[in-house]
1. Once you put a point 7 Å from the Cα of ALA85 and another 7 Å from the Cα of LYS101, both along the Cβ direction, what distance in nm separates them?
2. Can you bin segment 2-80 into rounded, prolate or oblate? Criterion: square roots of the alpha carbon gyration tensor eigenvalues sorted a ≥ b ≥ c, rounded for a/c under 1.5, prolate for a/b above b/c, oblate for the rest.
3. To the nearest 20 Debye, how big is the dipole of segment 2-80 about its Cα centre, given +1 on the beta carbon of each Lys and Arg and -1 on that of each Asp and Glu?
4. Quick one: net charge of CYS16's neighbours, Cβ under 14 Å, K/R +1, D/E -1?
5. If a cysteine in the chain has no other Cys Cβ under 4.7 Å from its own Cβ, put it on the list, ordered by number.
Amino acid sequence: TYVVTELCIKCKYTDCVEVCPVDCFYEGENMLVIHPDECIDCGVCEPECPADAIKPDTEPDLDKWLDVNREYSEVWPNITVKKPAPEDADNFQAEPDKFEKYFS
Ligand code: SF4
Ligand code: F3S
């Protein structure tokens with residue numbers, strides 16, 4: 001599966017949802033997640049993210065993010081249509097510790 005990681009938090013550009021062939025993105029207030037059982041590993045979303053937030057779970061040290069994607073994709077609503085990013089999205093691309101500060 002692919003997973004959405006910290007770099008999405010407070011950026012939430014939503015370009016990813018437009019390209020997913022199985023509509024497996026789910027929306028929280030400050031980030032999106034992928035449902036790991038629905039993702040078919042096609043990889044088309046990875047280069048679409050302007051924040052470089054989407055990674056294959058074969059990369060190292062993504063266990064925490066796989067857990068976050070799994071847990072919250074079960075409770076957050078599905079999102080399939082791009083929406084405007086937060087006005088201040090670009091300000092948060094290089095922000096450290098976004099999970100601790102802003103995860104929701
Ligand atoms: Fe959707 Fe493919 Fe990205 Fe998985 S890898 S979330 S199926 S676009
Ligand atoms: Fe987040 Fe990137 Fe999608 S910032 S909403 S994973 S396009």
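1. It is 1.7 nm.
2. Working: a/c = 1.10, a/b = 1.05, b/c = 1.04.
Rounded, since a/c falls under 1.5.
3. 200 debye
4. Working: positive: LYS12, LYS55, LYS82, LYS83; negative: ASP15, GLU18, ASP23, GLU27, GLU38, GLU46, GLU48, ASP52.
Within the 14 Å Cβ shell, the charges total -4.
5. That list is CYS8, CYS11, CYS20, CYS24, CYS39, CYS42, CYS49.
Only the coordinates and a few stated rules stand behind these numbers; no lab work does. Being a predicted model, the structure only gives us computed values, none of them experimental. Don't worry about glycine lacking a Cβ; one is built from the backbone with ideal geometry, like all the others, and counts go over all protein chains shown.
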